[in-house]
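Undergrad: Below is the structure I would like to discuss, written out as C-alpha cells.
The values are calculated or read from the model by the stated rules, or taken from the named source; none is laboratory data. This is a predicted model, so every value here is computed, not measured. Don't worry about glycine lacking a Cβ; one is built from the backbone with ideal geometry, like all the others, and counts go over all protein chains shown.
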Amino acid sequence: MRRAGPAGGAPAAPAAGARVQIHSSLAPGAVALLIAALLIVFLIVPVGTVIYVAFADLDGGFTLAHFGSFFQLSLMRESFWNSLYVATLSVAFASVIALPLAYFTVRFRFRGALAIQTLGVLPLIMPPFVGAVAMQLIFGRSGSVNLLLGEWFDVNLPIMEGLNGVIFVEALHYFPFILMNLVVALNNIDGAMEESAQNLGASGFRLFRRIVFPLAMPGYVAGAALVFIKVFDDLGTPLVLNQTNMLAPQAYLRITAIGIEDPVGYVISVLMIGFSLFALWASALALKGRDYATLQRGGSGLARRKLTPLHAVLAYGWITLVLLLVLSPHIGILLLSFGKVWSFSVVPDGFTLEHYVSVAQDSPRMIWNTMLYSGLAALFDVLLGTAIAYLILRSRLPFRRSLDSMASAALAIPGVVLAIGYLRTFRGVGMPFTDELLTSSWVLIMVAYTVRRLPYALRSCVAALQQMHVSLEEAAENLGAGKRRTIQRVVVPLMAGGILAGFITSFMTAAVELSATIMLTTSQTNAPMSYGIYLYMQSAAGRGPGAALGALAVVIVAVGAYLSHRFLRSRATALDQQI
Amino acid sequence: MQDKVKVEARNIAMSYGKTQVLRDIDLVIEPGEFFALLGPSGSGKSTLLRLIAGFNQAQSGQLLIGGEDISRVPPWQRNVGMVFQNYALWPHMSVWENVAFGLQERRLPKSVIGQKVAATLALVNLEDYARRRPNQLSGGQQQRVALARTIAIEPKVLLLDEPLSNLDAKLRVHMREELRTLQRKLGITTIFVTHDQEEAMTTADRIAVMDQGVLQQIGTPLELFDNPANRFVANFVGTINLLPCRLRKASRDMVSLVSSSLGEIELPRLPHAPEAGDVEICFRPHAVTVCVADSVRDHEHVWLQGTVSGVEFLGEFVRYRIRVGSTEIIADQTHHAGTTPFTPESTVNLGIPRCEIRFISN
C-alpha cells in the first residue's frame, strides 16, 4: 500500500500500472503550472509569433505566398540541401570519433580516462566559429598543415574547402555530445547482459555490435540527434568560413540585410524548425516503447579489462590523434593570440602580448557577463530539468507529456529564430522595477540561454531518472519519507550524475552561444564574450585580440566547468560509496 | 545430445587483492550430475560458478571439463551455459532473438537455428511467446526464456546462479521440479548455486557446502544431513542441537562423554569417531522424544530431564525449546490431530536415541 502524503490526506487510489502515483497533493500540479507558464511566455508565444508572420499576409490572413517565393529561389533550395548534407555528414564523422573513445573508457582500465574526459569537454568550451578561424589557419589551403604537406610531399588536402570545412569543424566541435551520452549509457548497462552473451559464444566486435551498442542506443541516438540539430542551426561557423549558402546564414542575412519584417527570413525559420522537429520525432520514434532500466545502482557494470598490447596501441593512437585534432583550434587560437602576423606561414612570424593588453582594457565586463548569464541559465536549467523529469516519469498529471514536448521543442528552435521571436513579442515591454526595456536588458539574453539549453539538462535528468528503478523510491516512502523527502534524499542524490552532466553541458554551451546572442546584444555593457569575439573576428586586424579573448574564454569556462565538475563529482562518488 | 562430461576443480585458489575468496577447491562433479553449491552469501559459491563460466580467473589450480584444462579458455569458447540470477535477457531482442543468439554466434544455418529455437521454446512451453519482448513476460516466463536461451546451445555444462531467487514461493517449488525434470531429460551436467538448503536438498544429487571460500563438505543430501563433517555444515543444513563435551575412552566399544550441562553419558563407539578429546555432540531436533516427566526410560535413548521454555506450533510438528541444566535443546515432535502440546514450564523427559548422536571434533 502506498503511503498517504502529509499534505494530501486522502489515500491514493490503487494505481493500475507500476508507476508511482503522486497523490492528490497540490504541489506537483502547482509546479507543473509554473513551469508551463514560463515555457509559454518565453518559448511558445515568441516562436508562435515567428510562425504566424511566415503564414500571414498583409491583412493578417492566412497565406502560402511567402513559401512560394522561397522555393522559387534556387539559392534557397541549394541552402536547404547543403544544410542537410552538412548536418548528416557531421553526425557521421562525430560518431566515428566518439564511438571508439566511449568504448575505450568503459571497457578498459587505463590511464587514458583523463585524456578522454578532457576530449569530452575541450571542444565545447570554445565557440565553433572561433575554432573555425584557427582551423583555417592550420588546415586551410595555405594553412600550416598544407604548407608542410606541400613542402614534403607536394600534396594539398582540401580539408577546409567549401562545405568540407564546415563539416570538419562541426564534427570536431560537437562529437562530445555523442561521447558523453554514450559513456553514460554504456556505464549503465548491467554487466550480466554482456556476460550472458559471452557465455553464449559472442566476443569481440560482434559482442559490441549485437549487445553492447544496441543497449547503449538510447544514449547514442540522443547524442546524434543533438549533434544533427546543433549543426543544422549553427550560424557562426558557416559565416566565418564564408559558406553562406546554408539555411541558418540565409535566415540571418535576410533579416539583418532586409529587415525584421522580411517574410523570407521567417519562412526559412519555419523550415528549420520543421526540420529539427522532424529529427527529434524520428529519434523519439526509434526508442519508443523500449524498457532500458537495465542496471540498478549497486549492480556491477560492464567488466573492465586490462589493455592488451594491440588494444593499447589502438586506444592510445586514436586518443592521441583525436586529441591533436581537438587541440588544434585551441593551439591555433593560442598562437594567433600571441602572434604578430600569421599568414602563409606554418607558425606566426613573431610573438607579442599586445593583444592581451588590449583585451584586458576592453573586455573584463564581457567575461563577467558570460559567467553570470551562463551560470544562472545552467542553474535554472537543472532545476527545471529535474522537476520536469520527475513530473514526466513519476506523476500522473494529465498534461505531463506536453511539458516534456514544450521543453524539448526548444531544441528545434534555432537561436536566431528565438531571438527574432523575442524581439517581436517583447517589443516595448519594460522590465519590472526599472525603466529599462526588456529587449535591451541582459535578462532576456539569460532567458534565451535558459530556454535554449533546457532540453540538454532535461534529457540528462530524464535519462538518469529513467535508469533508476521505481522501487528505490518506493522503499524510501515505505520507510516513512514523504514525497519531498524522497526526492531530496533518494531521487536527487541518485540522479546527481545526470544533473551534473546537465549543468555542465548547459553552462558550457550557453557560454559559447552566438546565434541568439548576436540578435539580443544591444550594448557593450551587456555583451558576453562570444559576442565580443565575433566582433573582433570580423576584421583581419581584430583577429589577434579576438583570439586573445577566445583564449581567455577557454581558460575561464574550463576552470568553471572543472570546479563544478569536481565539486559535484566528489559528492556523487561519496554517495556511490555509501550505497 | 552430447556426451555427458565431468567437471573437475583441482586446488583452485583465488583472491581479490588481499582477500582470499576461494581456497584449495578440490571438486569432482560426475557426468550428468545435478550438483549444488550451497553456502551463505560471501561464501565464494558464485565466485566458483563464475570461474567455471570463465568470468573469473583463478590465481592457481586447474579447471577441467571433460578432462580438458579450460583455465585459459575465454568464456565465449567454453560452451558452458550459464543462467544468470537476474536472467540478463536483452531488452532490445524478442524472446525468439534471445534464444537464437547463441546459435547465431555459432554460425549455424538459418534453417537449423529456426528448428532449434522452436524445439527449445517448446521444451520450456513458450512456443506462443516467441515474438514477445522480455519485459512483456512474467518472472517465471523470463526465467524459462533464460533457461531456453542457455540450453539452446547444448552446452557441455549448465550453470545456474540462484535461478529461483527472483520467483515467488509457489512458483519456486514448481520451477524447482521443472528444472529437475528438464535436467534429467537433457542429462547435462548441471551446477546450481543456492543459499537455500531446502532447494539444494530437494533438487541436487550431491551438494558441496561452502563457507569463507572453503569447501566444507561434499556429499549427497542424506550424507550431509545425517553426518555433517563440521560445525558449520551441521548448523547450515537443517536445524541441529550442538553441545560441547569432553570425550573419554571407556572400553573397547563404549565411550564416555562428560558435559557440564548433561553430566556423564556412555555411548557406543562409532567407527571413525574420535576416541578422546574435546568434541561437540550433535543430534537433530526431530530425533528427540519428549515425554512426561515420569515416563519409562529405556536403554536405546539417553534420557535427560528438562523444563519447557518455548513452544512453537508449526503445523506438521511442534518445536520445543527445553532447558536442560545450563543449555537449551530443540526438540520437534510430530503433531497429531487432537493432541495438546506441553505447556511452558512443564517438566519433561527428553530421550535422545544413542544411534543418532554424532560427534564433531573441533
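Undergrad: Applying the selection to segment B:128-137, what residues are within 11 Å of another protein chain (Cβ to nearest Cβ) and in contact (Cβ under 8 Å) with a residue 12 or more places away in the chain? Working first, answer last.
TA: Pass one, segment B:128-137, residues within 11 Å of another protein chain (Cβ to nearest Cβ): B:133-136.
Once the filter is applied, which keeps residues that are within 11 Å of another protein chain (Cβ to nearest Cβ) and in contact (Cβ under 8 Å) with a residue 12 or more places away in the chain, segment B:128-137 yields B:R133, B:P134, B:N135.
Undergrad: Still on this structure, please answer the following. Out of curiosity, is A:S283 modelled with pLDDT under 80 and within 14 Å of another protein chain (Cβ to nearest Cβ)?
TA: Numbers: modelled with pLDDT under 80: yes; within 14 Å of another protein chain (Cβ to nearest Cβ): no.
Answer is no for this residue.
Undergrad: Could I ask something else about it? If you check A:L186, A:L200, which single one turns out to be out of contact with any His (no Cβ under 9 Å at 6 or more places or on another chain), within 12 Å of chain B (Cβ to nearest Cβ) and either under 29 Å from A:M537 (Cβ atoms) or among the hydrophobic types (A, V, I, L, M, F, W, C) (or both)?
TA: Numbers: A:L186 fails: within 12 Å of chain B (Cβ to nearest Cβ).
From the options A:L186, A:L200, the qualifying one is A:L200.
Undergrad: Turning to a different aspect of this structure: Could you tell me which residue of segment B:144-167 is surrounded by the most Cβ atoms within 10 Å (Cβ to Cβ), considering only residues that are assigned to a helix (DSSP H, G or I) and among the small types (G, A, S)? Talk me through it step by step, then tell me what you get.
TA: Filtering segment B:144-167 for residues assigned to a helix (DSSP H, G or I) gives B:144-151.
Of the ones still in play, those that are also among the small types (G, A, S) are B:146, B:148.
On the way: B:A146: 25, B:A148: 23.
For segment B:144-167, the residue satisfying everything is B:A146.
Undergrad: Go through (1) within 14 Å of chain A (Cβ to nearest Cβ); (2) modelled with pLDDT of 90 or more for B:A118 and report which single condition fails.
TA: Result: B:A118 passes all but (1).
Undergrad: Quick one: how many residues across segment B:338-362 are of a type in the set (G, A, S) and over 30 Å from B:G277 (Cβ atoms)? Lay out the reasoning, then the answer.
TA: Just the residues of segment B:338-362 that are of a type in the set (G, A, S), to begin with: B:338, B:346, B:351, B:361.
The next check asks that each one be over 30 Å from B:G277 (Cβ atoms); those that pass are B:338, B:346.
Summing the residues that are of a type in the set (G, A, S) and over 30 Å from B:G277 (Cβ atoms) in segment B:338-362 gives 2.
Undergrad: Going through segment B:319-357 one residue at a time, which ones are farther than 28 Å from B:L267 by Cα and among the hydrophobic types (A, V, I, L, M, F, W, C)?
TA: B:A337, B:F342
Undergrad: Would you mind stating whether A:E194 is in a helix (DSSP H, G or I), within 12 Å of chain B (Cβ to nearest Cβ), modelled with pLDDT under 85 and more than 18 Å from the chain's Cα centre (by Cα)?
TA: On the way: in a helix (DSSP H, G or I): yes; within 12 Å of chain B (Cβ to nearest Cβ): yes; modelled with pLDDT under 85: yes; more than 18 Å from the chain's Cα centre (by Cα): yes.
Judged against the criteria, A:E194 is a match.
Undergrad: Right, something else. So if I check each of A:A541, A:A527, A:A496, which one is free of Cβ contacts under 8 Å to residues at least 24 places away in the same chain and in the same structural domain as A:P414 (by TED's automatic domain parsing)? Reasoning before the result, please.
TA: Working: A:A527 fails: free of Cβ contacts under 8 Å to residues at least 24 places away in the same chain; A:A496 fails: free of Cβ contacts under 8 Å to residues at least 24 places away in the same chain.
After applying the criteria, what remains is A:A541.
Undergrad: Let me ask something additional. Among the residues of segment B:224-241, is any in contact (Cβ under 8 Å) with a residue 12 or more places away in the chain, within 28 Å of B:A58 (Cα to Cα) and part of a strand (DSSP E or B)?
TA: no
Undergrad: Here's another thing I want to ask about it. Please find, among B:V308, B:V302, the residue that is touching a Pro at 6+ places or on another chain (Cβ under 7 Å) and either part of a strand (DSSP E or B) or at pLDDT 90 or above (or both).
TA: Values: B:V302 fails: touching a Pro at 6+ places or on another chain (Cβ under 7 Å).
Every option except B:V308 fails the conditions.
Undergrad: Shifting gears a bit: Yes or no: A:V169 in contact with a Pro (Cβ under 8 Å, 6 or more places away or on another chain) and either more than 9 Å from chain B (Cβ to nearest Cβ) or among the basic types (K, R) (or both)?
TA: yes
Undergrad: Also, quick follow-up: Identify the single condition in (1) more than 14 Å from B:R50 (Cα to Cα); (2) crowded, with 19+ Cβ neighbours inside 10 Å; (3) more than 12 Å from chain A (Cβ to nearest Cβ) that B:I70 does not satisfy, given that it satisfies every other one.
TA: Going through the list (1) more than 14 Å from B:R50 (Cα to Cα); (2) crowded, with 19+ Cβ neighbours inside 10 Å; (3) more than 12 Å from chain A (Cβ to nearest Cβ), B:I70 breaks only (1).
Undergrad: Only one of B:P91, B:P109, B:P75 is free of Cβ contacts under 8 Å to residues at least 24 places away in the same chain, facing chain A (nearest Cβ under 7 Å) and not aromatic (F, W, Y). Can you tell me which?
TA: Working: B:P91 fails: free of Cβ contacts under 8 Å to residues at least 24 places away in the same chain; B:P109 fails: facing chain A (nearest Cβ under 7 Å).
From the options B:P91, B:P109, B:P75, the qualifying one is B:P75.
Undergrad: Okay, next question. Taking the conditions exactly as written (under 17 Å from B:Q212 (Cβ atoms), of a type in the set (S, T, Y) and within 14 Å of chain A (Cβ to nearest Cβ)), does B:T19 satisfy them or not?
TA: no
Undergrad: How many of the residues making up segment A:399-425 are surrounded by fewer than 21 Cβ atoms within 10 Å (Cβ to Cβ) and among the aromatic types (F, W, Y)?
TA: Residues that pass the stated criteria total 1.
Undergrad: Would you list the helices (runs of 4 or more DSSP H) that sit entirely within segment A:23-113 and hold 3 or more residues that are within 30 Å of A:L323 (Cα to Cα)?
TA: A:74-107
Matching residues to (1) free of Cβ contacts under 8 Å to residues at least 60 places away in the same chain; (2) within 27 Å of A:V169 (Cβ to Cβ):
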position	(1), (2)
A:R206	yes, no
A:L215	no, no
A:A222	no, yes
A:V227	no, yes
A:D234	no, yes
A:L239	no, yes
A:L247	no, yes
A:D262	yes, no
A:G265	no, yes
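Undergrad: Can you tell me which residue within segment B:48-67, out of those that are surrounded by 17 or more Cβ atoms within 10 Å (Cβ to Cβ) and in a strand (DSSP E or B), is farthest from the other protein chains (Cβ to nearest Cβ)?
TA: Checking each candidate, the answer is B:G61.
Undergrad: Residue under question is B:G140, and the condition is that it be out of contact with any Lys or Arg (no Cβ under 6 Å at 6 or more places or on another chain), in contact (Cβ under 8 Å) with a residue 12 or more places away in the chain, of a type outside the set (A, V, I, L, M) and closer than 15 Å to A:G201 by Cβ; does it hold?
TA: On the way: out of contact with any Lys or Arg (no Cβ under 6 Å at 6 or more places or on another chain): yes; in contact (Cβ under 8 Å) with a residue 12 or more places away in the chain: yes; of a type outside the set (A, V, I, L, M): yes; closer than 15 Å to A:G201 by Cβ: no.
No; evaluated as a whole, the condition is false for this residue.
So that you can scan it fast, the table gives a plain yes or no per residue for (1) β-branched (V, I, T); (2) assigned to a loop (DSSP other than H, G, I, E, B); (3) farther than 23 Å from A:L324 by Cα; (4) more than 14 Å from chain B (Cβ to nearest Cβ):
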site: A:M180; (1), (2), (3), (4): no, no, no, yes
site: A:L207; (1), (2), (3), (4): no, no, yes, no
site: A:V221; (1), (2), (3), (4): yes, no, yes, no
site: A:F228; (1), (2), (3), (4): no, no, yes, yes
site: A:L239; (1), (2), (3), (4): no, no, yes, yes
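Undergrad: Next question, about the same structure. Considering A:S539, A:S523, which residue is among the polar types (S, T, N, Q) and closer than 25 Å to A:V443 by Cβ?
TA: Values: A:S539 fails: closer than 25 Å to A:V443 by Cβ.
Result: A:S523 is the single residue among A:S539, A:S523 that is among the polar types (S, T, N, Q) and closer than 25 Å to A:V443 by Cβ.
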